[in-house]
Amino acid sequence: MARMPTTPEDHVETANPSALNAYDMIAEGYTAENETSLLNAYYERPAMLELAGDVTGRRILDAGCGSGPLFAALRDRGAVVTGIDASAGMLEQARRRLGADAELRVADLAGPLPFPDEAFDDVTASLVLHYLEDWGPTLAELRRVLKPGGRLLVSVDHPFSVVLFQHMAGEKPNYFETRSRTEEWTMGGQTAQLKFWSRPLHAMTDAFAAAGFRVSVISEPPFAPEARELFSEELREIEPTRTRFLCFLFFVLEAGQASRSDSPRSN
């Protein structure tokens, strides 16, 4: 397993201390927004926890952990959690939430992961893969650090919702292409330019299969029941009998047996 932190200064290991991630600029504002927002607190995060099920005693890598809300929820349910993120600023927020003993380190999912083979029972990748143009190397690394039969839980922008919103904005995207878009987010008085990559559903499942994963669940889950009252204005156009909207897409993937030749980044 990864080295546990031993001193207060060692809780966040920095791969490149001079690197500035876009999320560093909005880390505090994003953390506050994520705590109570409809999409994060009452839709995406409950859905991920529901898919994870009983995690008591399971070793989980929270890949792209951000400020640590999912990490905290999994840990509260008995999991042994390690968190990585490309943003040192977000990990500072996570350290404040999770405390001195949380294992957190800066790591870019586009590069090698600092863990040995088969180190984890599960990996969660919550709203993070859509920042990557090429999923191949990342999925290969995630399979490498998972034990055979381990699970990768993924949430991403729903490809249909991305196309829908782009059409509503007057654009004419080609759903079947892998294409980028840039969004400007202002949170906590700070503004950052964030780049996302959209791809069709078949490209996602092809990438999972190529990396040695088997799709066991594809989910378009309901929002939390209490969201209807808490966000009555945002949900007013959704009929009272409906509990779903088009936003994110969720997968539970099972890791096959990785061969040494398939994992050149092994430590």
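The values are calculated or read from the model by the stated rules, or taken from the named source; none is laboratory data. Just so you know, these numbers come straight off a predicted model, no measurement behind them. Note that we place each Cβ from the backbone using ideal geometry, even for glycine, and neighbour counts take in every protein chain shown.
Rundown of residues vs (1) under 28 Å from PHE115 (Cβ atoms); (2) modelled with pLDDT under 95; (3) within 18 Å of the chain's Cα centre (by Cα), yes/no style:
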{"residue": "GLY136", "(1), (2), (3)": "yes, no, yes"}
{"residue": "LEU139", "(1), (2), (3)": "yes, no, yes"}
{"residue": "ARG143", "(1), (2), (3)": "yes, no, yes"}
{"residue": "ASP157", "(1), (2), (3)": "yes, no, yes"}
{"residue": "HIS167", "(1), (2), (3)": "no, yes, no"}
{"residue": "GLU171", "(1), (2), (3)": "no, yes, no"}
{"residue": "GLU184", "(1), (2), (3)": "no, yes, no"}
{"residue": "GLN190", "(1), (2), (3)": "no, yes, no"}
{"residue": "ASP206", "(1), (2), (3)": "yes, no, no"}
Touching a residue at least 12 places away in the same chain (Cβ under 8 Å), under 22 Å from THR191 (Cα atoms) and buried (at least 23 other Cβ atoms within 10 Å of the Cβ): is that true of GLY66 in this structure? yes
Of ARG181, ARG214, which residue is among the basic types (Lys, Arg) and closer than 30 Å to ARG59 by Cα? ARG214
Within the stretch 84-112, work out how many residues are of a type in the set (Gly, Ala, Ser) and in contact with a Gly (Cβ under 6 Å, 6 or more places away or on another chain). 1
So, SER180, is that one of a type in the set (S, T, N, Q), within 30 Å of LEU113 (Cα to Cα) and in contact with a Leu (Cβ under 7 Å, 6 or more places away or on another chain) or not? no
For the stretch 70-109, give me the residue count where each residue is part of a strand (DSSP E or B) and buried (at least 19 other Cβ atoms within 10 Å of the Cβ). 9
For the stretch 238-255, which positions are in contact with a Phe, Trp or Tyr (Cβ under 9 Å, 6 or more places away or on another chain) and not polar (S, T, N, Q)? ILE238, ARG244, PHE245, LEU246, CYS247, PHE248, LEU249, PHE251, LEU253, GLU254, ALA255
Per the filter on the stretch 208-218, residues surrounded by fewer than 18 Cβ atoms within 10 Å (Cβ to Cβ) and not in a strand (DSSP E or B) are ALA209, ALA210
In the set THR7, THR56, which member is surrounded by fewer than 23 Cβ atoms within 10 Å (Cβ to Cβ), at pLDDT below 95 and within 20 Å of ALA102 (Cα to Cα)? THR7
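Let's see how each residue does on (1) more than 28 Å from ALA52 (Cα to Cα); (2) among the hydrophobic types (A, V, I, L, M, F, W, C):
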position	(1), (2)
LEU164	yes, yes
GLU171	yes, no
THR182	yes, no
MET187	yes, yes
LEU235	no, yes
ILE238	no, yes
Could you tell me whether PRO221 is surrounded by fewer than 15 Cβ atoms within 10 Å (Cβ to Cβ), in a loop (DSSP other than H, G, I, E, B), of a type outside the set (Ser, Thr, Tyr) and at pLDDT 90 or above? no
When you scan the stretch 172-186, do you find a residue that is surrounded by fewer than 13 Cβ atoms within 10 Å (Cβ to Cβ), in contact (Cβ under 8 Å) with a residue 24 or more places away in the chain and in contact with a helix residue (DSSP H, G or I) (Cβ under 7 Å, 6 or more places away or on another chain), even just one? no
Quick check on ARG45: is it assigned to a strand (DSSP E or B), touching a residue at least 60 places away in the same chain (Cβ under 8 Å) and under 15 Å from the mean Cα position of the chain (by Cα)? no
If we ask which residues in the stretch 59-103 are among the aliphatic types (A, V, I, L, M) and more than 15 Å from the chain's Cα centre (by Cα), their number turns out to be 6
Counted residues in the stretch 170-187 being within 12 Å of SER198 (Cβ to Cβ) and either among the aliphatic types (A, V, I, L, M) or in a loop (DSSP other than H, G, I, E, B) (or both) come to 7
